[in-house]
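The structure appears below as structure tokens.
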Amino acid sequence: MKKIGVLMKGAVSKRELKILIVVLLGATLFLAGCVSQNSKNVEDSKNLGRVELEERAKIKEELREEFVRAYNFSPISNREVKIDLEAREANIEVIGKTLENAWTYNGSLYNVIRIKLGDTLVINFTNNLEQETTIHFHGIRVPNAMDGVPGVTQPPINPGEGFLYKFKPKDPGTYWFHPHIRGEEQLEKGLYGVIVVEDNTTQYYDKDEVVILDDWLFEDLEELKLDENFKNMHAIMMNGRIGNVITANAKEMEVINLKKGERLRLRIVNTANARVFVLSGNKAYVIAVDGFYVREPFPLSSFDFAPGNRVDLDIIGEETFYIYDEITGKKLIMINVSGKTNKTQYLTKEERFSFINQYIPTLREAFGLDEDYRYDYSLKMVPGKGMLWAVNGVSWPDYIKYTFNAGEFNIVKLKDNSGRIHPIHFHGLFFKVISRNGEFVDEGFYRDTVTLYPYDEVVIGLVPLDKGKWVNHCHIQEHAENGFMTLTEVI
């Protein structure tokens, strides 16, 4: 350009003019070629992005169809089952001693409500405690107004007041219920129960039993006096309130008697504030997790069992064995086999497990796809409030709302940045784990609660089907009650 400028200052010969025209023409053609190539690259990039989006949409639609295919349950009843439920203090027996002024439903720690798939459950609830409370039906896909979350789906139920819960469970399985306010205290004092939604598989079993696992923090084991420091900062900032007494149906160990050859369905629920068990007992087969039947039954061995989780086991009486916690070595349940039955159980594996859910997908095609939503979990200092748990940098009751479209497949990434343990529970839906720490996972079952260990990154797939405002949170009560909760809306 400098040379061209010099030439144009003075007289220009014919030869120089020809050279100038050639140079300018070449430059023009070069620039035109660059613009054309750049436009082509932009268009190619747009086309590639469009193809990628179309391919992703196609994959997600296929994943959606695979996911919802597993919801293939048929009602077996159409009754209206009415129950009066009262929250009140009561003296109860724990490990053979009397625990005074426990908080209970209907005066008992062992509340098991059994209905059939297709039944409508009507609970006339009365709160006769000294605190406000609610009931959340953990794992059951209820109408949003029946979800029991104060400030989201209903106001708190004040002392002396009541509430009518009415819903028809959509899925068979083992579920439970508990308060969703001041959970670190109300659950620890004994306020929980179990709901069993039966299907037509009950005909295959001689016995159907429920075992509720819990742990208790007593400051005096002789007098059986609870440690009432429910706002313990160590428990809040670490891994929750860990008890010094583990119970199975409020006993040191539950014993279930079977005759040789009898078949048992054993439903286990973890109602502890924070304790994670690792269950083993390989003469038992896992047939359902968090209510849903598995794709392929498997022996109970090193099974992570966090607060909120449920597991259903299929057991045939062959010989006595124990279900125990690998972490503590404690025997939780004794399956005591003796004598014999008149029934002869010669079942092939296919006959024994004919009711499993073969439609549980692998979601392999979802592995490696970018997430639609992401949750990051951390501890943070809040002026005037101290240390609180946060989801995406915000502590409940503040939240950053995500919106899901009903019936769409979503990929959600869960990331712990705190170095603590977090059983993450989603209200109103089930999900399936896709990967853990970058490795593809095919568990073969759906969940409503998954445990993140320190610094874990877990990716899940889900299809929300029920509209409304649903919370998700850590199920360690001391975390949930101190900021670890957020809200999604399904529209």
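The values are calculated or read from the model by the stated rules, or taken from the named source; none is laboratory data. Because the structure is predicted, anything quoted here is derived from the model rather than measured. In this analysis, Cβ positions are derived from the backbone assuming ideal geometry, glycine residues included, and neighbour counts consider all displayed protein chains.
Output yes when any residue across the stretch 328-342 is closer than 28 Å to LEU429 by Cβ, among the hydrophobic types (A, V, I, L, M, F, W, C) and crowded, with 16+ Cβ neighbours inside 10 Å, and no when none is. Checked against the condition, which is being closer than 28 Å to LEU429 by Cβ, among the hydrophobic types (A, V, I, L, M, F, W, C) and crowded, with 16+ Cβ neighbours inside 10 Å, the stretch 328-342 yields no hits at all. Among the residues of the stretch 473-487, which ones are within 30 Å of ARG364 (Cβ to Cβ) and either crowded, with 24+ Cβ neighbours inside 10 Å or within 12 Å of the chain's Cα centre (by Cα) (or both)? HIS473, CYS474, HIS475, listed by residue number. Selection of the stretch 230-280 for residues being among the polar types (S, T, N, Q) and modelled with pLDDT of 95 or more yields ASN239, ASN244, THR247, ASN249, ASN257, ASN270, THR271, ASN273, SER280.
Count of the stretch 441-472 residues, restricted to those that are of a type outside the set (Val, Ile, Thr), under 26 Å from ASP312 (Cβ atoms) and either part of a loop (DSSP other than H, G, I, E, B) or over 15 Å from the mean Cα position of the chain (by Cα) (or both), is 11.
Comparison of GLU319, GLU296 shows that the only residue that is out of contact with any Asp or Glu (no Cβ under 9 Å at 6 or more places or on another chain), surrounded by 14 or more Cβ atoms within 10 Å (Cβ to Cβ) and acidic (Asp, Glu) is GLU296. Which residue, of GLU319, GLU296, is part of a loop (DSSP other than H, G, I, E, B) and out of contact with any helix residue (DSSP H, G or I) (no Cβ under 6 Å at 6 or more places or on another chain)? Selected residue: GLU319, the only one of GLU319, GLU296 that is part of a loop (DSSP other than H, G, I, E, B) and out of contact with any helix residue (DSSP H, G or I) (no Cβ under 6 Å at 6 or more places or on another chain). If only residues of the stretch 343-364 that are polar (S, T, N, Q) and under 29 Å from the mean Cα position of the chain (by Cα) are counted, the one that is surrounded by the most Cβ atoms within 10 Å (Cβ to Cβ) is ASN357. The number of residues in the stretch 180-205 being in a strand (DSSP E or B) and not small (Gly, Ala, Ser) comes to 5.
Would the stretch 258-266 turn up any residue that is in a loop (DSSP other than H, G, I, E, B), buried (at least 19 other Cβ atoms within 10 Å of the Cβ), in contact (Cβ under 8 Å) with a residue 24 or more places away in the chain and over 20 Å from the mean Cα position of the chain (by Cα)? Yes: the stretch 258-266 contains one or more residues that are in a loop (DSSP other than H, G, I, E, B), buried (at least 19 other Cβ atoms within 10 Å of the Cβ), in contact (Cβ under 8 Å) with a residue 24 or more places away in the chain and over 20 Å from the mean Cα position of the chain (by Cα).
Among the residues in the stretch 196-208, are any within 18 Å of ALA250 (Cβ to Cβ) and buried (at least 16 other Cβ atoms within 10 Å of the Cβ)? Among the residues of the stretch 196-208, not one is within 18 Å of ALA250 (Cβ to Cβ) and buried (at least 16 other Cβ atoms within 10 Å of the Cβ), which makes the answer no. Within the option set VAL245, VAL276, VAL311, VAL286, being surrounded by 18 or more Cβ atoms within 10 Å (Cβ to Cβ) and in contact with a Phe, Trp or Tyr (Cβ under 6 Å, 6 or more places away or on another chain) holds for one residue only, VAL286. When residues of the stretch 126-179 are filtered for being farther than 23 Å from ASN91 by Cα and assigned to a loop (DSSP other than H, G, I, E, B), how many remain? Residues flagged as farther than 23 Å from ASN91 by Cα and assigned to a loop (DSSP other than H, G, I, E, B) within the stretch 126-179 amount to 18.
Taking the stretch 415-440, which residues are in a strand (DSSP E or B) and closer than 24 Å to GLY291 by Cβ? Steps first, answer last, please.
Applying the first criterion (in a strand (DSSP E or B)) to the stretch 415-440 yields 415-416, 422-426, 431-436, 439-440.
Of everything in the stretch 415-440, those that are in a strand (DSSP E or B) and closer than 24 Å to GLY291 by Cβ turn out to be HIS422, PRO423, ILE424, HIS425, PHE426, PHE431, LYS432, VAL433, ILE434, SER435, ARG436.
Modelled with pLDDT of 95 or more and assigned to a strand (DSSP E or B): is that true of ILE123 in this structure? In short, yes.
So that you can scan it fast, the table gives a plain yes or no per residue for (1) surrounded by 12 or more Cβ atoms within 10 Å (Cβ to Cβ); (2) among the basic types (Lys, Arg); (3) in contact with a Ser or Thr (Cβ under 7 Å, 6 or more places away or on another chain):
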residue	(1), (2), (3)
TYR399	yes, no, yes
TYR402	yes, no, yes
PRO423	yes, no, yes
HIS427	yes, no, no
LYS432	yes, yes, no
ASP442	yes, no, yes
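Against the condition in contact with a Gly (Cβ under 6 Å, 6 or more places away or on another chain) and not in a loop (DSSP other than H, G, I, E, B), how does ASP208 come out, does it pass? Considered against the rule, which asks whether it is in contact with a Gly (Cβ under 6 Å, 6 or more places away or on another chain) and not in a loop (DSSP other than H, G, I, E, B), ASP208 comes out as no. Taking only the stretch 333-388 into account, find how many residues are over 30 Å from ASP416 (Cα atoms), aliphatic (A, V, I, L, M) and touching a residue at least 40 places away in the same chain (Cβ under 8 Å). Going through the stretch 333-388 one residue at a time, the tally reaches 5.
When you scan the stretch 324-408 for strands (runs of 3 or more DSSP E) that lie fully inside it, which ones turn up with 3 or more residues that are assigned by TED's automatic domain parsing to the domain that holds HIS473 and modelled with pLDDT under 95?
Numbers: elements: 331-338, 373-382, 386-391, 402-404.
It comes to 373-382.
Are any of the residues in the stretch 210-217 more than 21 Å from GLU93 (Cβ to Cβ) and either in contact (Cβ under 8 Å) with a residue 60 or more places away in the chain or under 20 Å from the mean Cα position of the chain (by Cα) (or both)? Talk me through it step by step, then tell me what you get.
So in the stretch 210-217, the residues more than 21 Å from GLU93 (Cβ to Cβ) come out as none.
No, every residue in the stretch 210-217 fails to be more than 21 Å from GLU93 (Cβ to Cβ) and either in contact (Cβ under 8 Å) with a residue 60 or more places away in the chain or under 20 Å from the mean Cα position of the chain (by Cα) (or both).
When PHE303 is tested against (1) in contact (Cβ under 8 Å) with a residue 40 or more places away in the chain; (2) under 21 Å from the mean Cα position of the chain (by Cα), just one condition goes unmet, and that condition is (1).
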